[in-house]
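Quick one: the structure is below, questions incoming.
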Amino acid sequence: MDLPIDEQSGRRRRGLLIVLSSPSGAGKSTISRLLLEADPQITMSVSATTRPKRPGERNDVDYHFVDDAEFDAMIAAGDFVEWAYVFGYRYGTPKAPVKAALRDGRDILFDIDWQGARQLEPDFGEHLVTIFLLPPSMEELERRLHARGTDSQDVIAERMLRAADEIDHWAEYQYVMVNRDMDECLKRVRAIVVAERSKRVRQTDLHPFVRDLIGPQH
Ligand code: 5GP
């Protein structure tokens with residue numbers, strides 16, 4: 001296993017599975033993008049979905065856009081670590097890239113909802129870092145959904161209904177923040193990542209290091 005070198009200790013460590021959830025429009029995609037740009041050790045998990053592609057979205061970059069039959073086949077083949085219905089469409093996290101990232105010692109970021117976060121918990125336990133972004137207000141959330149300009153009025157109304165359901169699960173997350181200011185939020189998410197990387201359970205390579213420091217007689 002080729003684990004990444006921790007920038008602080010200079011030793012190898014276990015990769016993290018970082019889940020970032022929020023209702024649509026709370027700034028999750030922007031934070032994800034900025035986090036990936038700022039931190040080359042993190043890779044994004046690309047989900048499969050049966051939802052139609054929005055203008056500007058790219059297949060296999062934003063999502064693997066598949067039809068119902070393909071999604072059924074992926075479920076049957078056991079290709080997902082988790083999958084769920086969101087807004088009447090199915091979304092799922094493919095297993096192979098997650099296994100590859102952990103094998104190569106990379107951190108992996110998931111933009112998935114609370115149903116997905118719940119399903120990952122039993123498999124990845126202490127290696128899962130869950131973060132929930134709250135909008136500053138429901139009015140601001142609606143304003144951001146309109147500003148995005150990609151969804152029709154009906155879709156926005158449905159997303160606002162769903163937002164309350166999603167927010168209702170905030171207490172299932174380890175970290176929670178209100179996204180009043182994008183830069184401040186990004187700073188916090190990065191601080192969480194740094195702190196999580198420093199946890200003893202992650203620093204599997206410290207045992208031989210400390211043995212060398214104090215000698216085998218201790
Ligand atoms: P959108 O259609 O706006 O891209 O995403 C809708 C919702 O589906 C978002 O809350 C997003 O986090 C969630 N989502 C995207 N991919 C997955 C996935 O693979 N699994 C689960 N459980 N939720 C997902």
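So which residues in the stretch 143-195 are surrounded by fewer than 12 Cβ atoms within 10 Å (Cβ to Cβ), part of a helix (DSSP H, G or I) and of a type in the set (G, A, S), if there are any at all?
Within the stretch 143-195, A147, A164, A171, A191, A195 qualify.
Continuing with the same structure: Among the residues of the stretch 39-54, which ones are over 15 Å from the mean Cα position of the chain (by Cα), assigned to a loop (DSSP other than H, G, I, E, B) and surrounded by 11 or more Cβ atoms within 10 Å (Cβ to Cβ)?
Within the stretch 39-54, T50, R51, K53, R54 meet the criteria.
Find all pairs meeting these conditions: Cβ atoms under 6 angstrom apart; at least six residues apart or on different chains; first residue within the stretch 106-122 and closer than 10 Å to V19 by Cα and among the aliphatic types (A, V, I, L, M); second residue open to solvent by 20 Å² or more (accessible area, probe 1.4 Å) and more than 9 Å from the ligand (Cβ to nearest atom).
Going by the 6 Å Cβ cut-off, the qualifying pairs are I108/T43; L109/M44.
Oh, and also: Cβ-Cβ distance below 6 Å, separation of 6 or more or different chains: which pairs start in the stretch 148-161 with a residue that is farther than 17 Å from V86 by Cα and end on one that is open to solvent by less than 90 Å² (accessible area, probe 1.4 Å) and not in a helix (DSSP H, G or I)?
As it stands, the answer is T150/R54, since those pairs meet every condition given.
Let me ask something else about it. Is it the case that some residue within the stretch 72-94 is modelled with pLDDT under 95, under 27 Å from A163 (Cβ atoms) and not in a loop (DSSP other than H, G, I, E, B)?
Yes, the conditions are met somewhere in the stretch 72-94.
Each row is one residue, and each column tells you yes or no for (1) within 25 Å of L141 (Cα to Cα); (2) among the β-branched types (V, I, T); (3) open to solvent by less than 40 Å² (accessible area, probe 1.4 Å).
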residue: T30; (1), (2), (3): yes, yes, no
residue: E37; (1), (2), (3): yes, no, no
residue: G56; (1), (2), (3): yes, no, no
residue: W83; (1), (2), (3): no, no, no
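Listed residues E121, E126; which is away from the ligand (no atom under 15 Å from the Cβ), in a helix (DSSP H, G or I) and closer than 26 Å to L186 by Cα?
On the way: E121 fails: away from the ligand (no atom under 15 Å from the Cβ).
Answer to the check: E126.
Condition test on I214, is it under 29 Å from E82 (Cα atoms) and among the aliphatic types (A, V, I, L, M)?
On the way: under 29 Å from E82 (Cα atoms): no; among the aliphatic types (A, V, I, L, M): yes.
For I214, the condition - under 29 Å from E82 (Cα atoms) and among the aliphatic types (A, V, I, L, M) - is not met.
Quick check, is F87 at positive phi and either more than 9 Å from the ligand (Cβ to nearest atom) or open to solvent by 20 Å² or more (accessible area, probe 1.4 Å) (or both)?
yes
Pairs under 6 Å by beta carbon, first residue more than 10 Å from the ligand (Cβ to nearest atom) in the stretch 51-67, partner open to solvent by 60 Å² or more (accessible area, probe 1.4 Å), six or more apart or different chains?
Once the first residue is more than 10 Å from the ligand (Cβ to nearest atom) and sits in the stretch 51-67, its partners that are open to solvent by 60 Å² or more (accessible area, probe 1.4 Å) give F65/K53; F65/N59.
The values are calculated or read from the model by the stated rules, or taken from the named source; none is laboratory data. The structure presented is a predicted model; accordingly, all values stated were derived computationally and were not measured. Backbone-built Cβ (ideal geometry, glycine too); neighbour counts: all protein chains shown. For accessibility, only protein heavy atoms count, side chains too; no ligands or nucleic acids. Shrake-Rupley method; radii C 1.70, N 1.55, O 1.52, S 1.80 Å.
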